[in-house]
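Read-outs: derived from the displayed coordinates by stated rules, not from any lab. What you see is a predicted model; the values in this text were computed from it and never measured. As a convention, Cβ positions derive from the backbone with ideal geometry for all residues, glycine included, and neighbour counts pool all protein chains shown.
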Amino acid sequence: QVQLVESGGGLVEAGGSLRLSCVASGINFNSSAMGWYRQAPGKQRELVAEITTTEITRYAEPVKDRFTISRENAKNTLYLQMNSLKPEDTAVYYCRRNSRSYYYSSTWEDWGQGTQVTVSS
């Protein structure tokens, strides 16, 4: 059974930092590209950042140069370091895995339950 469990969300002031974690089980983490998505109230879920098994990364334009995605295969854990947070970063953040080693758009699969990030102005 696939499980993706996010943690690390919370309330932070604008300009602050948070680090999200996603622990995976029931999958071959080493062979899976991974990603972070977010969904703000009243908006569609959007891709934030993604990482391949060889640690090639890609970021959405609004978070480039502020967020860093990384992975620690020995711990089956995905991270998202978020710096210089803005109120518009407020959302529920979700972890997702890809069934392939690269982040092909057609092979994204399982979701985590999400963790709330709230940035106050």
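Figures for the structure shown
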item: Summed residue charge, Cβ within 10 Å of L80's Cβ, Lys/Arg positive, Asp/Glu negative; result: +1
item: Dimensionless Rg/Rh of the range 47-89 - Kirkwood Rh, Rg from C-alpha atoms; result: 1.00
item: Rg/Rg_ref, the chain, where Rg_ref = 2.2 N^0.38 Å and atoms are Cα; result: 0.98
item: Share, in percent, of DSSP beta bridges within the chain that are antiparallel, nearest 5; result: 90 percent
item: Relative contact order [Cα under 8 Å, 6+ residues apart], the range 32-121, whole percent; result: 31 percent
item: Positive minus negative residues near L18 (Lys, Arg vs Asp, Glu; Cβ under 13 Å); result: +1
item: Kirkwood Rh (inverse of mean 1/r, distinct Cα pairs), the range 62-121, angstrom; result: 13.3 Å
item: Proximal lysines to K64, defined as alpha-carbon separation beneath 18 angstrom and excluding residues fewer than eight positions away on the same chain; result: K86
